[in-house]
Structure formats: C-alpha cells, structure tokens
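The values are calculated or read from the model by the stated rules, or taken from the named source; none is laboratory data. Because the structure is predicted, anything quoted here is derived from the model rather than measured. No Cβ is skipped: glycine too gets one built from the backbone with ideal geometry, and neighbour counts run over all protein chains shown. What goes into the accessible areas is simple: the full protein's heavy atoms, side chains included, and nothing from ligands, DNA or RNA. Shrake-Rupley method; radii C 1.70, N 1.55, O 1.52, S 1.80 Å.
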Amino acid sequence: MAAGYTPMIQQYLAVKADYQDAFLFFRLGDFYEMFFDDAIKASQELEITLTSREGGTEDRIPMCGVPYHSAANYIEQLIGKGYKVAICEQTEDPKQAKGVVRREVVQLITPGTVMEGKGLSDKENNYIASITAFDDQTYGFAYNDISTGESKVTLLSNNFEEVLNEIAVLSAKEVVVRSDFAGDLQKKMRERDVLAISFEDNSSIEMNFAGLLEDLNQDKLKQTAARLFNYLYRSQKRSLDHLQPVTTYQIHQYMKIDYYSKRNLELTETIRSKGKKGSLLWLLDETMTAMGGRMLKHWIDRPLINKEEIVHRHTLVDVLINHYFERQELREKMKEVYDLERLAGRVAFGNVNARDLVQLKRSLLQVPFLKQILQNMQNQEMIQIAESLDPCEEVTDLLEQAIVENPPLSLKEGNIIRDGYHEQLDQYRDASRNGKTWIAQLEREEREKTGIKSLKVGYNRVFGYYIEVTRANLHLLQEGQYERKQTLTNAERFITPELKEKEALILQAEEKCGELEYELFTEIREIVKEQIPRLQALAKAVSELDVLQCFAQVSEERRYVKPKFSDERRVVIKDGRHPVVEKVLNSQEYVPNDCFMDGDREVLLITGPNMSGKSTYMRQIALTAILAQIGCYVPAEEAVLPIFDQVFTRIGAADDLISGQSTFMVEMLEARNAIVNATQNSLILFDEIGRGTSTYDGMALAQAIIEYIHTRIGAKTLFSTHYHELTVLEEELSKLKNIHVSAIEHNGKVVFLHKIKEGPADKSYGIHVAQLAELPPELIDRANEILTALEQPDIQAIPRKSEAHVIQAAPAKPDTVVEQPAQLSFFDEPAEKKKTDLSSKEKRVLDKIKEIDLLDVTPLQAINLLYELHKKLK
Ligand code: ADP
C-alpha cells in the first residue's frame, strides 16, 4: 500500500484492490466518490466534472462523485456500457467510529445481475451465463436471470459454436468463466455482444445453494451451475432466496435456429435497427403482462419439436379463439396483473416497498377472476389450467389486513400499516392522536381565555409545539402567562410546561410508531418471502396463459389457420403469407403464395428478377414453420408441415459488420454451418449463394452446394439464384424442381406480380430494375445493347459502344477489344482474339516485364522501370 496517503485513501486503495475491474462507488457522506483512474474514466463516461482532493501526498488525487440519491441513474449508464459497479458503503455509525469509518462493498452490480431500473426491460429477461470447459472437450453451460430467479443448465458438445449460439439465443449480457478460460474464445464471446466476462474459480457446491442443485444428476452440470451461484453470492452479498431449483435442458429438445438464421429471419429484432419493431416478436406481442412478454420471447427463441406438446398448445389456442368474450375478459383482468416473478425476486432481495406489496395484492386478487373465466369456457383443458392457478389467499389476506391502500414510498415515515392490525401500534397511534386532539383543544381554550382569535398552536422541528401570538395582540397577554421561546418580526412564540409534556408524549409515540411499522413491514415481507415458490409457480402459469391468449388474439385478427403435421415430411401451404410483410403492407396488397414439397420435391430452385419477392417467399416458409412449432396458428389458408428439427438460412443483407469478416466469408460460414449440421428433417434457405464472388466461381459453388444437399442431406431446401444457368439442374437432379416468381413487362417496364409459379424464370429483368431505379436512359440503352450481344451464341466479343454513346472518349483502335465489364472477366476469350500483332518493340517490353522479380523490387526501382518501359514504347 502506498505510504503517505491519508488513512481514508489507504482504505479506498485496499478495497479497490479487490475490485480492479469495477468502478468503486465509495460512500462519503451524501456522495459516492471515485478516485484516481476510476474518476478520470467515470468523468468521461458520465460527463461529470473531474475535480481533485488532497490525499496526503504531494500530488492531488483525481476525484469525481455523484449524489447518493441520484446514483441509480449513473449506475445504470455504466452498466449499460458493459461496466461493473462496486457499491462501497459506510458499515458503522460515524459517531461511533474510532478513526476512519469502516466501509465495505455491499454489492457488485454487473450487466448480468441488474435487479431494477432501466437496465431491466419489462418484457425481456436479463441473463447471466456460466461456462465450464471440460477435459473431454465438452462445455457445461448454465444461465440465470437474477430478477426472476430462474436457472437452467445443459451440456454442449465440443463445438464452441453451440455455446455461442446459446449465448445469442439468450442474449446473455454477462458470462462467468474460470480465470484461465481460453482468450480466443473470450474474444468470440465479445463479438456476440456479451457485455462483460467475469471470472469465478470456485465451482464447489456451497451450503447456501446446495439444495438448488439436488435435481442435477451429473457432476459436470453441478459444477457449472455452482460456478454461477458462487459468482452470484459473491457479488450480491445478500439473500437470494428467490433462486429456483436449477433444471436441465437439452438443446435438441427444441428446434435449432443458429445465430445467423435467427438474425436473418428477424425473429426478435430486425437486422437493420436491431430493434423489436418489424420483427416476428413485434407482430405477435399481444401479451398483457410483462411476464407473458418474456415468455413469448422465450417461446420464439425455442420452438418445440415434440409433436404432442405443439398440438397441445394449438388445442388451447383453438379453445381461446372460440371463446371471444371470455378471451377479452381474460385480457382485461391480466392487465391488472403486475410482474409477480420479478416482484418475488425483489421480496427476496429485500428491496420491495409497501407499494410493491399493494401491487402484489391487487395482482393476486385477479386470480379468482381468471379462474372463473377459464371455468366458464367449459373446456376440460381450460378447467385444468384454472385449477392450477393458485390465488395464494394467505398472502392476499395478510396484505389486505396489514397494509393501507395507498402507502408512501418511504418505509421509514410510517403510515404503512392499517389500524387494527397490531395492538401496540394502535396504542401508540391513539397516544399520538389523543395528544393532537388535546393540542387542538388547547388552541380553542387559549383563544377563549385570551380573547385573541388569531392565536394558534403550531409545530416545527427545532422548537416543537408552540403558541403563536401576533405582535398586535401581545398586549392582551398577561405578564408571565406563557414562557417566551422565539421572536419573529410579526409574532412571538411561547411554550407552556403542559404543552411540552404533551409534546414529549406525541413525539415519543410517533417515533415508536415509525419503528414498529418498519418492524412489522419487515415481518410481513418475511412471511411473503416464504411464499415465493408459490408466487413463482403462479407467475409461470399466468405467463403461459398470457402467451396462449396472445396467439389466439393474433391468429384470429390476422386470419391464421391451425397447421396440421405430416409424418411424411410434406409441405403443403395454400395461400401462405409472410406474417410481418403482410402486416406492414396492408393485407390487400400482399400476394399469397402456395408451397408444395414432398419426397420428389426436396429442393426448390427459385429464379426471378431482383425485387420480385424471392427472399420474402423463402422467409415466409421458415416463419410459417416456426410459428407452427411455437404453438401459434400460421398465415395461410391451409398448411400441412413436417416438424423441422433445425432451420438454416443464408439470406443477404445480414452482413456481419461487427466481426469484420468479409461478406463472402460470412456467406460461406453460414453455408458451412447448414451443410455440416442439417439433417433430412431440416429446412434450409439459401438466398443467392455465391453472389459474393466472381461469376464462374459463384456459379460453380452454388451448383456444388445444391448437389451436395440434394444427394447427401435431403433437407427441404429453398435455393434462390440469379444464375439462370443453374435451372438445367432439374434435368439431372430428380428431387430438384424449378420455380420462379413471375413478372410481366408492361410498356417496356417490368411489373412484379410476386406470384410463385412452376418452372424457371425465362428472362433476367435486371436491366428493367435498373430502369425502375431511373438510371440514365443512355446507360440503359447501352446495357440492352450489350445484353443482346451476349445472348447471341456466335458473337465473340461485346460490340464496341456505338458512336452515338461515345462522348469525348479517345478513339478506339480498330483492332482492340472494348474492355469487358468486370463481372464477365472470367469468360474465355475467343482463341483468335488472343493472337494480337505485337511489334518487336512491344515484345521486348513484354519480355522485360516478365523478367522482373516482383518480390525483389523497391517501389522506387519500380517507378523507374515503368518510366523506362513507357519511354521505349513511345
Ligand atoms: P428478392 O429477394 O426477389 O430481391 P424481396 O423478397 O426482397 O425480393 O421482395 C422485394 C419487395 O417486394 C419486398 O420488400 C416486398 O415489399 C415486396 N413483396 C415481396 N413479396 C411480396 C408479395 N407476395 N406480395 C406483395 N409484396 C411482396
């Protein structure tokens, strides 16, 4: 420890040593102060003034601070940027302290452990995950949402991509690993938007959470969950009684949608704005409770693959659709249901106030109504759900009896507990009330006695109760009638021994009331705490019901149908629509399309002009499958679907800007991911694969990929391409069929019909699209000219630009070929064009160039050489 610093700075440095990776909020009176580098960094991040203070050494110490009462806002800002904040409080009464007041860190707030505030979105979980890498190359993966207490754990194979995928599915904000966890893997996690990586080396099962791990049957799972809990207890330093027992899950219990596909399909956020608006979640979210909102997102992230479970959800949606009025009533009542799950968390955490408990009561009071409405539907399944809803009457009764209807926010000012709940409290209140009545009485009597109408009895914090007489009336008082206490400009204030006596009684009673009320409140909170598991079970049941009513609501409103499932892996969609595009466009404008696939039609090759609707069609098929498997109805007139185990997509525009990989590399990575992992039961969507490289290269790759999927994998595949040449594959590959999006030409312009038809598209409409985009007419004419030339099989070179289009260009030599567009540079040049007459001078120059060893030339030599060659030719 640096000598020379004052004892307080020494104390600061000692605490800071344990929290190197966090901002240390050091409590000094009414402020949290930061020092040294923390102060410099925080002043920049929070845009607050950097000052300095004496610290015992020659140099002043950089310092900045935030007021205690508004700290929450600053903490949120730092957490939002991925930082951690350690809260260091005074843990002894400064009056009792000998020397520097004792201070300790009472909580470490991190991106993955936020309990309240803006960092916590109502309709989203806030997950923290932990990973354990085992010697056999498998990974243990556990996650928890500390605000709801939910935790799960699983084992993943040796492919780190699976781990990354889980992180992405959960949008985990923070990941806890052992301190020696591989650096390159940490880097990959950061690339997936993980805000913070934290270290915890202790993975042993400690007493305080051993019970939560009882259901886990493997050591690896226990270790992984224990690492997470050790971190949570170490950072939170308080009761976490709301943590629910950890359960296991397997990723293959759900339809697998990898990171890229999830983004491409815009399931929970759009690619461009990264916001919810425009995503499938946005379309579906008709949930009425925050818990339901979170559950909906969870269901979208993890579509089911078990047919019975899916069909069960559909059956319930069906019942809810058929009971319109009951559904609307359910929605009304659910509006009144507060976030029970997070509330339970805050009860355990010890940061609920009386208003929260009133909210809890009001929410619980809705449960009997919900039960009744479900029963009214007279459906066995709904009655079962009704029976499973536990109104937690003991809690409601207790809160009803104990807590007033509109309590204040503060817990220390009293007025929380109802009269009649506690005898002693009532007595104190009586005393204080009687005292106040006595004082009112006194005022009346003294007015009469003195004849001063304006005489009043008042109260202030410094002098307590007093009698006030205005200066003008002072002469009416008898000498020594009252004891003079304070002189104001216009009045005098007096006291009497009797008044002081009553005052002592009142104040004492009030103080006792305050203390007792706080004590009673804590007691009530403890009683509620014991009921947390019941509240959590209720929260889960209500959230599920909320999502189901949401499915019913959307399905009815948007005219979706119940899908059927085919065991023969058939896809029959009649008049299917893209749910989000349809909503955005307005239903009338959307052109519905069929899709038919079976054993003879595994791969559909889609051709058609740009902007005709190819990728919309492909996405629509995937979204239909996903909607079906989360238990919702689907946007079509009729739908028969297989149950897909995985969905893969490579759809343009999702270029991975964050990781800085080239578009083509991302394209290939996504393609690889699908090809390696897809099975016969998967769905693959490839949009314009191979577009990112040169023509022949791209076409060759596209064809090889199609052949591989067709022959080796057999997954249901939709492949769109603008390589018209690929359509001949239909003749060789028995299970591949051409389809196209039709467009018509009208007055020389292209009109998109957005209608899917059998067979290949007959023409490329690229130039027409360019025309629609209003490129200069001159350029469009030229493009048409080149196209016509290219389409003639015996033409060996692209014609020169016709003179009319040449503006100020140098005259082309009669025997040189006009440069071809870059896209076509791989075309073989006709043999005779290669034979060019070179002069001997030119030959010598060429020979000279051939001789140059490029690796051995400096830039200066090169420019000299170029100069020389140029001179020679001239
Ligand atoms: P492509 O992939 O062929 O370039 P997109 O699928 O991106 O074309 O579609 C281009 C635009 O056409 C979309 O933004 C959408 O607004 C519209 N569109 C696509 N399909 C339909 C349809 N079935 N009905 C109405 N409009 C559609």
Residues of the stretch 50-63 satisfying the condition of being hydrophobic (A, V, I, L, M, F, W, C) and surrounded by fewer than 20 Cβ atoms within 10 Å (Cβ to Cβ)
Leu50, Ile61
Say whether the condition of being in contact with a helix residue (DSSP H, G or I) (Cβ under 7 Å, 6 or more places away or on another chain), more than 16 Å from the ligand (Cβ to nearest atom) and touching a residue at least 12 places away in the same chain (Cβ under 8 Å) is met by at least one residue in the stretch 571-586.
no
With the condition kept exactly as written, say whether any residue in the stretch 158-171 is without any contact (Cβ under 8 Å) to a residue 60 or more places away in the chain, in a loop (DSSP other than H, G, I, E, B), open to solvent by 50 Å² or more (accessible area, probe 1.4 Å) and out of contact with any helix residue (DSSP H, G or I) (no Cβ under 6 Å at 6 or more places or on another chain).
yes
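Can you find, within the stretch 587-601, the residue that is farthest from the ligand (Cβ to nearest atom) among those that are open to solvent by 50 Å² or more (accessible area, probe 1.4 Å) and part of a helix (DSSP H, G or I)? If you could, list the steps in order and put the result at the bottom.
Applying the first criterion (open to solvent by 50 Å² or more (accessible area, probe 1.4 Å)) to the stretch 587-601 yields 588-589, 594, 596, 600.
If we keep only those that are part of a helix (DSSP H, G or I) too, we end up with 588-589.
Working: Gln588: 10, Glu589: 6 Å.
Here the answer is Gln588.
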Every listed condition ((1) open to solvent by 10 Å² or more (accessible area, probe 1.4 Å); (2) of a type in the set (A, V, I, L, M); (3) modelled with pLDDT of 90 or more) holds for Ala72 save (3)
Being in a loop (DSSP other than H, G, I, E, B) and within 23 Å of Ala715 (Cβ to Cβ) is the filter; apply it to the stretch 560-570 and report the residue that is nearest to the ligand (Cβ to nearest atom).
Pro563
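With respect to Ile621, is the statement that it is within 16 Å of the ligand (Cβ to nearest atom), modelled with pLDDT of 95 or more and closer than 17 Å to Pro303 by Cβ true? Explain how you work it out, then say what you get.
On the way: within 16 Å of the ligand (Cβ to nearest atom): yes; modelled with pLDDT of 95 or more: yes; closer than 17 Å to Pro303 by Cβ: yes.
For Ile621, the condition - within 16 Å of the ligand (Cβ to nearest atom), modelled with pLDDT of 95 or more and closer than 17 Å to Pro303 by Cβ - is met.
Results for (1) open to solvent by 10 Å² or more (accessible area, probe 1.4 Å); (2) farther than 23 Å from Lys614 by Cβ; (3) modelled with pLDDT of 95 or more, shown as yes or no for each residue.
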| position | (1), (2), (3) |
| --- | --- |
| Leu538 | no, yes, yes |
| Ser543 | no, yes, yes |
| Val547 | no, yes, yes |
| Phe551 | no, yes, yes |
| Val554 | no, yes, yes |
| Val561 | yes, yes, yes |
| Phe565 | yes, yes, yes |
| Val572 | yes, no, yes |
| His578 | yes, no, yes |
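Residues Leu409, Leu455, Leu477: which one is in contact (Cβ under 8 Å) with a residue 24 or more places away in the chain and open to solvent by less than 50 Å² (accessible area, probe 1.4 Å)? It would help to see each step written out before you state the result.
Numbers: Leu409 fails: open to solvent by less than 50 Å² (accessible area, probe 1.4 Å); Leu455 fails: in contact (Cβ under 8 Å) with a residue 24 or more places away in the chain.
From the options Leu409, Leu455, Leu477, the qualifying one is Leu477.
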For the stretch 339-352, indicate whether the set of residues that are modelled with pLDDT of 95 or more, in the same structural domain as Ala541 (by TED's automatic domain parsing), part of a helix (DSSP H, G or I) and open to solvent by less than 10 Å² (accessible area, probe 1.4 Å) is non-empty.
no
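Let's see how each residue does on (1) on the phi < 0 side of the Ramachandran plot; (2) open to solvent by 60 Å² or more (accessible area, probe 1.4 Å); (3) in contact (Cβ under 8 Å) with a residue 40 or more places away in the chain; (4) in a helix (DSSP H, G or I):
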| site | (1), (2), (3), (4) |
| --- | --- |
| Leu13 | yes, no, no, yes |
| Phe26 | yes, no, yes, no |
| Tyr32 | yes, no, yes, no |
| Ser43 | yes, no, no, yes |
| Ile48 | yes, no, no, no |
| Gly65 | yes, no, no, no |
Sort out which residues of the stretch 92-121 are more than 23 Å from Leu24 (Cβ to Cβ) and touching an Asp or Glu at 6+ places or on another chain (Cβ under 7 Å), and write them in order of number.
none
I'd like to check something: does the stretch 729-741 contain any residue that is touching a Lys or Arg at 6+ places or on another chain (Cβ under 6 Å), open to solvent by less than 30 Å² (accessible area, probe 1.4 Å), more than 16 Å from the ligand (Cβ to nearest atom) and closer than 30 Å to Met665 by Cβ?
no
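Assess whether Ile383 counts as being modelled with pLDDT of 95 or more and among the β-branched types (Val, Ile, Thr). Reasoning before the result, please.
Details: modelled with pLDDT of 95 or more: yes; among the β-branched types (Val, Ile, Thr): yes.
Spelling it out, Ile383 is indeed modelled with pLDDT of 95 or more and among the β-branched types (Val, Ile, Thr).
Take the conditions open to solvent by 10 Å² or more (accessible area, probe 1.4 Å) and within 24 Å of the chain's Cα centre (by Cα) and apply them to Lys276. Does it pass? Show your work before the answer.
Values: open to solvent by 10 Å² or more (accessible area, probe 1.4 Å): yes; within 24 Å of the chain's Cα centre (by Cα): yes.
Here the answer is yes, as Lys276 does meet what is asked.
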Checked the stretch 172-181 for anything more than 21 Å from Lys262 (Cα to Cα) and open to solvent by 40 Å² or more (accessible area, probe 1.4 Å); matches are Arg178, Ser179, Asp180
Going residue by residue through the stretch 182-196, is there one that turns out to be modelled with pLDDT of 95 or more and part of a strand (DSSP E or B)?
no
Taking only the stretch 205-243 into account, find how many residues are open to solvent by 50 Å² or more (accessible area, probe 1.4 Å), touching a helix residue (DSSP H, G or I) at 6+ places or on another chain (Cβ under 7 Å) and part of a loop (DSSP other than H, G, I, E, B).
4
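Would you confirm, using the coordinates I've provided, whether Phe752 is within 16 Å of the ligand (Cβ to nearest atom), closer than 23 Å to Tyr590 by Cβ and aromatic (Phe, Trp, Tyr)?
Details: within 16 Å of the ligand (Cβ to nearest atom): yes; closer than 23 Å to Tyr590 by Cβ: yes; aromatic (Phe, Trp, Tyr): yes.
Answer is yes for this residue.
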Based on what the data block shows, is Asp318 surrounded by fewer than 22 Cβ atoms within 10 Å (Cβ to Cβ), over 26 Å from the mean Cα position of the chain (by Cα) and under 27 Å from Pro533 (Cα atoms)?
no
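Here is a list: Leu267, Leu296. Which entry is aliphatic (A, V, I, L, M), in a loop (DSSP other than H, G, I, E, B) and not assigned by TED's automatic domain parsing to the domain that holds Asn165?
Values: Leu296 fails: in a loop (DSSP other than H, G, I, E, B).
Among Leu267, Leu296, only Leu267 is aliphatic (A, V, I, L, M), in a loop (DSSP other than H, G, I, E, B) and not assigned by TED's automatic domain parsing to the domain that holds Asn165.
Tally the residues that are part of a loop (DSSP other than H, G, I, E, B), within 16 Å of the ligand (Cβ to nearest atom) and not charged (D, E, K, R), restricting the search to the stretch 667-698.
Here is the first cut: in the stretch 667-698, the ones part of a loop (DSSP other than H, G, I, E, B) are 678-682, 688-694.
Still in the running and within 16 Å of the ligand (Cβ to nearest atom): 688-692.
Checking which are not charged (D, E, K, R) leaves us with 689-690, 692.
So the answer is 3.
If you go through the stretch 709-726 one residue at a time, do you hit one that is part of a loop (DSSP other than H, G, I, E, B) and more than 17 Å from Lys614 (Cβ to Cβ)? Give the steps one after another, and end with the answer.
Going residue by residue through the stretch 709-726, those that are part of a loop (DSSP other than H, G, I, E, B) are 714-715, 721-723.
Then drop every residue that is not more than 17 Å from Lys614 (Cβ to Cβ), which leaves 714-715.
The answer is yes; a qualifying residue exists.
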